[in-house]
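Undergrad: Below: one structure in structure tokens.
The values are calculated or read from the model by the stated rules, or taken from the named source; none is laboratory data. Note that the coordinates shown come from a computational prediction; the quantities given were computed from them, not determined experimentally. Reconstructed Cβ throughout: ideal geometry from the backbone, glycine too, with neighbour counts over all protein chains shown. Just the protein is used for accessible areas: all its heavy atoms, side chains included, with ligands, DNA and RNA removed. Shrake-Rupley method; radii C 1.70, N 1.55, O 1.52, S 1.80 Å.
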Amino acid sequence: MNLKQLAAIKAVEMIEDGMKVGLGTGSTAYWAIQEIGRRVKEEGLRIETVATSQASEDLARELEIPILPFSEIPHLDLTIDGADEVDPQLNLIKGGGGALLREKIVASNSDKLIIIVDESKSVETLGAFALPVEVVPFACEWTLAALERLGCKPEWRVKDGEQFVTDNGNYIADCRIERIEDAPLLEQQLNRIPGVVDNGLFIDMASIVIVACSDGTIDVRNRK
Ligand SMILES: O=C(CO)[C@H](O)[C@H](O)COP(=O)(O)O
């Protein structure tokens, strides 16, 4: 079993009958959705879910996990999602898969956000992973210039030779900051730039981070 799967299984143990659950995005969240699918099929787990991306929604449907429109679920009990970096305060960088906006909306409407990672994602200071910032296409060069003025060293994300477009029809600027000294401040500064829809800093949002370590142990970190 790989480390991502190990963390995912531990998180899915926290889901109880009758819960409303948010499904994250990425290769770690993939394992959580697989395990939820197994519990629904083999244990008859009764839950309702919403997904943070088209890819996760498609996977959930394939596994016959009940998935509802957002209009039918006012609030979630918990969301299980991955992250690109986690610091000791449980602040996160997310959005490596380009789903940061939907992930933040879903996380902020969940009683608990459970983050699942392997130990490579655990860092002392956020920033070695390029911080994704979602930008509307209108006048996007001006928004990029504003990010440059903030010292973010942004580069448009490209996929298969084309500009990457999010599920919301926006672009992603990946910002090479290396070391983010004040993540709460940067999160606010970025979101004050007109044209920025949101950014991948998740501050004070994770309730629990589950870290799967290469020696096979699992470190469960609770927000204080
Ligand atoms: O934020 C995300 C997608 O937008 C992912 O959760 C993050 O990129 C981690 O992905 P993975 O589990 O594949 O390493």
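Undergrad: Take residue 32 and tell me if it is in contact (Cβ under 8 Å) with a residue 12 or more places away in the chain and over 18 Å from residue 75 (Cα atoms). Write out each step before concluding.
TA: Numbers: in contact (Cβ under 8 Å) with a residue 12 or more places away in the chain: yes; over 18 Å from residue 75 (Cα atoms): yes.
Yes.
Undergrad: Can we say residue 36 is in contact with a strand residue (DSSP E or B) (Cβ under 9 Å, 6 or more places away or on another chain), outside the structural domain of residue 165 (by TED's automatic domain parsing) and either hydroxyl-bearing (Ser, Thr, Tyr) or assigned to a helix (DSSP H, G or I) (or both)? Break it down into steps so the answer makes sense when it comes.
TA: Details: in contact with a strand residue (DSSP E or B) (Cβ under 9 Å, 6 or more places away or on another chain): yes; outside the structural domain of residue 165 (by TED's automatic domain parsing): yes; either hydroxyl-bearing (Ser, Thr, Tyr) or assigned to a helix (DSSP H, G or I) (or both): yes.
In short, yes.
Undergrad: Let me ask something else. Residue check, residue 25 against (1) more than 12 Å from the ligand (Cβ to nearest atom); (2) open to solvent by 10 Å² or more (accessible area, probe 1.4 Å), all met but one. Which one?
TA: (1)
Undergrad: Oh, and also: Being closer than 19 Å to residue 93 by Cα and of a type in the set (S, T, N, Q) is the filter here; which residues of region 155-176 pass it?
TA: 166, 170
Undergrad: Still on this structure: Look through 180, 218, 210, 193 and report the one residue that is over 21 Å from residue 107 (Cα atoms), open to solvent by less than 20 Å² (accessible area, probe 1.4 Å) and among the aliphatic types (A, V, I, L, M).
TA: Working: 218 fails: open to solvent by less than 20 Å² (accessible area, probe 1.4 Å); 210 fails: over 21 Å from residue 107 (Cα atoms); 193 fails: open to solvent by less than 20 Å² (accessible area, probe 1.4 Å).
Going through 180, 218, 210, 193 in turn, the sole match is 180.
Yes/no matrix, rows are residues, columns are (1) touching an Asp or Glu at 6+ places or on another chain (Cβ under 7 Å); (2) near the ligand (Cβ under 9 Å from one of its atoms); (3) among the charged types (D, E, K, R); (4) not assigned by TED's automatic domain parsing to the domain that holds residue 188:
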| site | (1), (2), (3), (4) |
| --- | --- |
| 72 | no, no, yes, yes |
| 78 | yes, no, no, yes |
| 81 | yes, yes, yes, yes |
| 89 | no, no, no, yes |
| 111 | yes, no, yes, yes |
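Undergrad: Restricting attention to strands (runs of 3 or more DSSP E) lying wholly within region 97-200, give those where 3 or more residues are in contact with a Pro (Cβ under 8 Å, 6 or more places away or on another chain).
TA: Details: elements: 110-118, 131-135, 154-156, 171-175, 196-199.
Output list reads 171-175.
Undergrad: Same structure again: Being of a type in the set (Val, Ile, Thr) and within 13 Å of residue 137 (Cα to Cα) is the filter; apply it to region 163-177 and report the residue that is surrounded by the most Cβ atoms within 10 Å (Cβ to Cβ). Explain how you work it out, then say what you get.
TA: Restricting attention to region 163-177, the residues satisfying the condition of being of a type in the set (Val, Ile, Thr) are 165-166, 172, 177.
From the residues that got through so far, the ones that are within 13 Å of residue 137 (Cα to Cα) too are 165-166, 172.
Numbers: 165: 14, 166: 21, 172: 29.
Ranking the candidates gives 172 first.
Undergrad: Which of the residues belonging to region 114-128 are over 16 Å from residue 183 (Cα atoms), more than 9 Å from the ligand (Cβ to nearest atom) and open to solvent by less than 40 Å² (accessible area, probe 1.4 Å)?
TA: Correct list: 114 only.
Undergrad: Return yes or no: is residue 138 aromatic (Phe, Trp, Tyr), modelled with pLDDT of 95 or more and farther than 23 Å from residue 221 by Cβ? Give the derivation first.
TA: Numbers: aromatic (Phe, Trp, Tyr): yes; modelled with pLDDT of 95 or more: yes; farther than 23 Å from residue 221 by Cβ: yes.
Spelling it out, residue 138 is indeed aromatic (Phe, Trp, Tyr), modelled with pLDDT of 95 or more and farther than 23 Å from residue 221 by Cβ.
Undergrad: Name the residue that is farthest from the chain's Cα centre (by Cα), counting only residues in region 149-162 that are of a type in the set (D, E, K, R) and surrounded by 13 or more Cβ atoms within 10 Å (Cβ to Cβ). Lay out the reasoning, then the answer.
TA: Going residue by residue through region 149-162, those that are of a type in the set (D, E, K, R) are 149, 153, 155, 157, 159-160, 162.
Still in the list and also surrounded by 13 or more Cβ atoms within 10 Å (Cβ to Cβ): 153, 155, 157.
Details: 153: 22, 155: 20, 157: 17 Å.
Per the criteria, the residue is 153.
Undergrad: Another question, if that's okay. Output the residues belonging to region 56-90 that are crowded, with 22+ Cβ neighbours inside 10 Å, of a type outside the set (A, V, I, L, M) and outside any helix (DSSP H, G or I).
TA: Residues satisfying the conditions are 79, 81, 82, 84, 85.
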